[in-house]
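The values are calculated or read from the model by the stated rules, or taken from the named source; none is laboratory data. Just so it is clear, the model here is predicted, and its values are computed rather than measured. For accessibility, only protein heavy atoms count, side chains too; no ligands or nucleic acids. Shrake-Rupley method; radii C 1.70, N 1.55, O 1.52, S 1.80 Å.
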Amino acid sequence: MLARRGLSVSMSAAASHPQRHGLVALSSLHSTTTISTVAIPTATLRHFSASAAGAWCSASADASSSTPPAAAASTPCMATLAAYYSKHQARPPIPSQQHPVFGTIPAEVKMVEVGPRDGLQNEQRKVGVNEKIELINRLAAAGLRVIEAGSFVSPRWVPQMAQTASVLRGISLYKNVSYPVLTPNLKGFEEAVKSGAKEVSIFGAASDTFSRKNINRSLEESLTQYESLAHRIIEADLPMRGYISCCLGCPYEGPIDPQRVAYVAKRLFDFGCHEIALGDTTGVGHPASTAAMLRAVLETGIPPQNIAVHFHDTYGQALANILTSLQMGIGIVDSSVGGLGGCPYSPGATGNVASEDVLYMLQGLGIETHVDLNKLIDTGRFIFGVLGKPTRSRV
């Protein structure tokens, strides 16, 4: 089945009539929710001709076949796409609860720990492989179920990430924990796969100038590159997350139009990204600008259960922005243990919001995370001891 707008799924009755912002009451969320049909986004299909897709499928199915035609070589067939979207993108609505003060908010939040990658990449003191491995293992033992393990980028530009392959091979693989890595180009993706990565991330920016400063490509050029990379990721059947930088402000362009963020988010979602992480790279956002940006993204048709928020705390607004996001139905929150981080391409930006601070707030709101606060605090003390400075967490 083809749909005119984005991903179309048919779920159980509970999922077919979500409440406002895609939330459903806990009592109406059935454990037997299934997906019966999945449509391929038309924005993706228009790049895939039926003849090319058919040739790719035929060649892939025939083990003795020669290399597929050049026109089809990097184009997944429709059956492959449908299976990929069904497996990785389609999700049930977020369970909700009624808070006496803040209204409808998620009953459970998935915390995505970005400290080992987005956090450490901007630290001046080199952190060794064994120290990174211990950091990641401690985070998993604290109950975090998504831990960004590193990135496969040029060590010339981000030397802190030079040994990500060794880190991936050395960590203890906890059950039900994913360890995504950032792969900004085909070379990085191929190295990640060779190193055993099971989930990858790509990234774009809502600012053309930031994109040129970061990867030496315009916004549109970067999206074209990531579309080709997405084809390879789909063929490998790996989950793919999409980051967007500068969603609320750019160090070079200033305020960012929410419609531009929405445009990039929809493009990444149509490429096959199962989560779109909306990043306030400069940390200039506040609740009003956060709400306007999220409203624009949600109006594209991307379900709230496929959207994450990623706030830096430059102006002390990160927790307030997260609370605003929760009230708008978002249930995936990025954070960094101890407030590690910054951005090498965003002058003046401070670290990510501290995971300990986020967890403390979520627990106060009665939101389940399955993360142990005391173990998380100890992990923050560990890595900041390695760095030789005090943790930035206020908890």
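Rolling a 1.4 Å probe across all protein chains gives residue 224 an accessible area of roughly 80 Å². Ligands, DNA and RNA aside, residue 102 has an accessible area near 70 Å² when probed at 1.4 Å.
Which pairs, out of 110/175; 198/389; 110/187; 132/213; 132/198; 87/110, put more than 24 Å between their alpha-carbon atoms?
Numbers: 110/175 16 Å; 198/389 33 Å; 110/187 30 Å; 132/213 28 Å; 132/198 18 Å; 87/110 19 Å.
From the list (110/175; 198/389; 110/187; 132/213; 132/198; 87/110), the Cα-Cα distance tops 24 Å for 198/389; 110/187; 132/213.
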